[in-house]
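Below: one structure, written as C-alpha cells.
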C-alpha cells in the first residue's frame, strides 16, 4: 500500500475530490496547511508572502492504483493547460499496514 | 521505527488519550482533519443542487460531504506497534461505519531537537512513564 499526499491549491480542492470520487477513490482526508515552495513564496511589491495557504489531501491506495491516483490528482489540480507555480506537490510514501477500526480488519 | 496514523472520531479522543497513556505511550500529535470514507458522493447531484434543481436537492442527504475527524500521529518502536493498534481499535470500535482507519508507516529517522539524540533513544523510555 502507498500513501499519496498531495498539497494543492485550496480553490482546486473540490475539483480534485470530485475527480477522485469519479475515478473510484472515495476515501480521502484533507487538512489546511501553510507553506512555501521553490520560488520562496510570493513577492507582491515590497512584501514577500512565504506562508501560502494550501490544502493537503491524503489517501492510501494499493500499489497498482498509484499511477491512476497521481494522474487524476495532477489533471484536476493543474491550473490552466500548462500549470503554474504554486499548483502543488504530490508525495508518495510506503504504508506497512492499514486497519479499519469499525471491523478491526486488516487491509484497506 | 514506525509511525501510526489513526483517523478517529472526534468524541473518542479523550478515551484514546487515556488508554494510550495507560499503555505508556504518552507522546502523540493530534490534529483536526476532515475527510470521507468509502461512502459515495454524487457530485452531479451536488452540482444540480447548487444550480437549484428541486429533484437534486430532494435526493441530498442532510449530512455534510466531508466529515470532521481527529488524526492522531504516534511514532514508536517496531515492537510496540501491534499493542498500540490493538488498543486503538478496542477503544474506538463502535461497529458502525465511520470509526476510522489506522495506517502504519515506516519512519527512517527520529531526532530529538533538545539534545540532538537520534534513533530509538530519541523516542524516549517507556519505562519512565509507567
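Numerical summary
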quantity: Among residues of the range A:51-79, those that are free of Cβ contacts under 8 Å to residues at least 40 places away in the same chain and touching a strand residue (DSSP E or B) at 6+ places or on another chain (Cβ under 8 Å), counted; calculated: 3
quantity: So residue A:107, is it buried (at least 17 other Cβ atoms within 10 Å of the Cβ), on the phi > 0 side of the Ramachandran plot and touching a strand residue (DSSP E or B) at 6+ places or on another chain (Cβ under 7 Å); calculated: no
quantity: Residue in the range A:46-54 that is closer than 25 Å to residue B:100 by Cα, within 15 Å of the chain's Cα centre (by Cα) and buried (at least 16 other Cβ atoms within 10 Å of the Cβ) present; calculated: yes
quantity: Any chance residue B:83 is under 17 Å from residue A:101 (Cβ atoms), at pLDDT 85 or above and away from every other protein chain (no Cβ under 11 Å); calculated: yes
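The values are calculated or read from the model by the stated rules, or taken from the named source; none is laboratory data. As the structure is a computational prediction, the values presented were derived from the model and not from experiment. Cβ: placed from backbone, ideal geometry, glycine included. Neighbour counts: every protein chain shown.
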